[in-house]
Structure formats: structure tokens, C-alpha cells
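K.L.:
Below you'll find the structure I mean.
The values are calculated or read from the model by the stated rules, or taken from the named source; none is laboratory data. Just so we're clear, the structure is a prediction, and the values are computed from it rather than from any experiment. Ideal geometry is used to build each Cβ from the backbone, glycine not excepted, and the neighbour counts take in all protein chains shown.
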């Protein structure tokens, strides 16, 4: 190419100016924009990662929450069976309802000294009841279905009046209508407080 030719000089100048413009555009506009775009992409990916982690934690928290609720429900059932302290009032209420629903007559309830065990305390009551033979059986059925643990022991049953003996359906009816007096020991339980939590009730 003959650079002495004015046309070639003009063409070379145009090419040079074009290259300078491309360089200026690349260095002043494209490169900062490309770097900003790369930063935005990196931030976007980080946000996606953080969002995924948050979702995982939220699912984990929900799972833990459900597990805690399940365990609390189980604990509540156990707590009702084995209360934290001696509950005479609840025991007497249950006995009164059992007495009414079985047509029994509770003659006496005598609290006995509580007996501390390693992990719990046993609270015993000596109970005297008058009922029909059938009613006594229903009373025991009600007692074992109390909403807390109850143990029945030392049962002694005596007849109050006899209405005949024999066999067959009539004898069975008389036996069910037989009035009996029963004494027995009922034992309820409560958890034993730790030394820091107080003394055994």
C-alpha cells in the first residue's frame, strides 16, 4: 500500500480512528459493564444459595417444630398418668364420680403416709366401700380407668346380707345383688422432685 497516496492516508486515518473508538468503548464502557454484570451474576448466585439454605432451614425448623409438638403431646399424656405432685383433690373427685356411677357408697377414705421411692412417690389411701357384688366390680373397673396411675391392693370383701344360695340364673342374680363391704388400698403416684426442685409431696 502506498502511504504517500492521500486516499490511502485518509483510509489509514479512518481505520486508526475506528480502532481508537473501539478501544475507548471497550475500556470505558464494555469492561466496567462486563465486570458489573459478573458481580451481579455472582450476587444472584449467592442469593440463590442463601435462599436455598433458608428454605432448608425452614423445612428443618418445621420438622423440629412438629417433632417438639409430638413429644409435648406424649409428655402431656405421661404427665397426666404420673403428675408432678400429689393431687388429693383430683383423686377424691374421681372417686366421687366412680361412686355415683356405680351406686356404691364410700364409707371412708383414709390417707396413708406417702412412701418415697427412687424416682417417684407412692401415695396410698385405705378405702372402705359398701356396694352390691356387681357394683363393686364396676367400681374397680372405674378406678383402673382413672386418668392417672392407680394400683388396687389388699382387697378384703365381706358380705353384709345373704339372699339365698344355690345355682342357676336366680342364684347368679342374687349373687350380683348381694350387698358387700370391701376394704382395699389404692395407691397413686407422682414424680419425685429433684433436690433442687423441692421436697417430696
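K.L.:
Looking for something exposed (fewer than 10 other Cβ atoms within 10 Å of the Cβ), modelled with pLDDT of 75 or more and part of a helix (DSSP H, G or I) - is there at least one such residue anywhere in the stretch 58-66? Break it down into steps so the answer makes sense when it comes.
P.N.:
Taking the stretch 58-66 as the starting set, the residues that turn out to be exposed (fewer than 10 other Cβ atoms within 10 Å of the Cβ) are none.
For the stretch 58-66, residues exposed (fewer than 10 other Cβ atoms within 10 Å of the Cβ), modelled with pLDDT of 75 or more and part of a helix (DSSP H, G or I): absent.
K.L.:
Can you confirm whether residue 189 is crowded, with 16+ Cβ neighbours inside 10 Å, at pLDDT below 90 and more than 35 Å from the chain's Cα centre (by Cα)?
P.N.:
no
K.L.:
When the residues of the stretch 86-111 are filtered to those that are in contact with a strand residue (DSSP E or B) (Cβ under 6 Å, 6 or more places away or on another chain) and loosely packed, with under 12 Cβ neighbours inside 10 Å, which remaining residue is farthest from residue 189 (Cα to Cα)?
P.N.:
Among those that are in contact with a strand residue (DSSP E or B) (Cβ under 6 Å, 6 or more places away or on another chain) and loosely packed, with under 12 Cβ neighbours inside 10 Å, it is 108.
K.L.:
A further question follows. Residues being more than 34 Å from the chain's Cα centre (by Cα) and not in a loop (DSSP other than H, G, I, E, B): count how many of those fall in the stretch 103-112.
P.N.:
Selection size over the stretch 103-112: 6.
K.L.:
Just one of (1) assigned to a loop (DSSP other than H, G, I, E, B); (2) touching a strand residue (DSSP E or B) at 6+ places or on another chain (Cβ under 8 Å) trips up residue 118, so point out which.
P.N.:
(2)
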